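Shown next, in structure tokens, is the structure this report addresses.
The values are calculated or read from the model by the stated rules, or taken from the named source; none is laboratory data. Note that the coordinates shown come from a computational prediction; the quantities given were computed from them, not determined experimentally. Neighbour counts run over all protein chains shown; Cβ positions are idealised from the backbone, glycine included. When the accessible area is computed, the model is the full protein with side chains, heavy atoms only, and any ligands, DNA or RNA have been set aside. Shrake-Rupley method; radii C 1.70, N 1.55, O 1.52, S 1.80 Å.
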Amino acid sequence: MTKIKICGLKRTEDISYVNELLPDFAGFVFAKSSRQVDAKKAAELKKQLSPKIKAVGVFVNAEPEFIAKLYQKQIIDLAQLHGDETADYIHRLKNLCPSLPLIKAVRVQSTKQILEADKLPCDYLLLDTWQKDSYGGSGKTFDRSLIPPLAKPWFLAGGLNTENIAESIAQCHPWAVDVSSAVETNSVKDKEKIKTFIDHVRR
């Protein structure tokens, strides 16, 4: 079954929603964003999060030591690298935290680019929409025909919503899907939208 990541949680209410609905992953955004949380807030949220849900820290070109500290304090269970992180950067982070699972985001522009990312020393890929001057969260889809067969398990992101999620899974067969803005109302997580999205995926 396709796994589900609800990203951009930042309120106690958000945690209560996901604890009830049980997606596989909950995303805490540490990068500059309207959904950004700091280490203290993320620690509070993680304490409230069901142990059945893995916490993913989302970072853009963060210092590896910062990510390592969050993992060592058990604030995050996985790290999603959503910036310009290179193989050398990933090796450095892996040296600090050998057991930390890493997701490398690719802002898709070509099949060749995705295949190059598939060779990186990370555990998962996340395929998202490329947008100039933005590292993600555009709420827009990309050309899915660019996705080649991949060796790594991968997350599909970028403009997913209840209207297109079933077709997207049938077309692309991702290991997991990632949603944020489509399960919000007025930039706040909406329990009914989260429930409907999860229902559509699991159906």
Problem - the chain, relative contact order [Cα under 8 Å, separation at least 6], % - result: 19 percent
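What pairs in Lys10/Lys112; Lys119/Lys189; Lys10/Lys195; Lys52/Lys152; Lys73/Lys112 have C-alpha atoms more than 27 Å from each other?
Values: Lys10/Lys112 35 Å; Lys119/Lys189 35 Å; Lys10/Lys195 18 Å; Lys52/Lys152 23 Å; Lys73/Lys112 37 Å.
In this structure, Lys10/Lys112; Lys119/Lys189; Lys73/Lys112 exceed 27 Å between Cα atoms.
Helix-derived [θ] at 222 nm for the chain: sum -39500 (n - 2.57) over DSSP H runs of at least 4, divide by residue count, nearest 500? Walk me through the numbers on the way to the answer.
Numbers: 7 runs with 67 residues, N = 203.
One gets -9500 deg cm²/dmol as the mean residue ellipticity at 222 nm.
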Fill in the blank from the handout: With every protein chain in place, the accessible area of Cys97 for a 1.4 Å probe, in Å² rounded to the nearest 10, comes to 10 Å²
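Sorted by mean Cβ packing within 10 Å, highest first, what order do the peptides 170-176, 66-72 take? Spell out each step's value before the answer.
On the way: 170-176: 15.1, 66-72: 17.7.
The peptides rank, most packed first, as 66-72, 170-176.
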Fill in the blank from the handout: A student applying the Cα gyration tensor rule (rounded when a/c is under 1.5; otherwise prolate if a/b is larger than b/c, oblate if not) would label the chain oblate
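Rounded to the nearest 5, what % of the DSSP beta bridges within the chain are antiparallel ones? Mind dumping the intermediate values first?
Details: 3 of 34 bridges.
Here the antiparallel bridges make up roughly 10 percent for the chain.
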Fill in the blank from the handout: The long-range amide H neighbours of Gln80, using H built 1.01 Å from N in the peptide plane and a cut-off of under 5 Å, are Gly57, Val58, Phe59, Ile103
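Probe radius 1.4 Å, ligands and nucleic acids left out: which of Arg92, Arg35 has the largest accessible area, and how do the rest follow? The partial results should precede the final answer.
Working: Arg92 110, Arg35 40 Å².
Result, largest first: Arg92, Arg35.
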Exercise for the section: Calculate, for Lys52 and Asn95, the FRET efficiency according to 1/(1 + (r/R0)^6) with r their C-beta to C-beta distance and R0 30 Å; round to the nearest 0.05. Expected result: 0.50
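Whole number in Å², please: accessible area per residue of the range 44-188, 1.4 Å probe, ligands, DNA and RNA not counted. Before the final figure, lay out the partial values.
Values: 7040 Å² over 145 residues.
With all protein chains present, the range 44-188 gives 49 Å² per residue.
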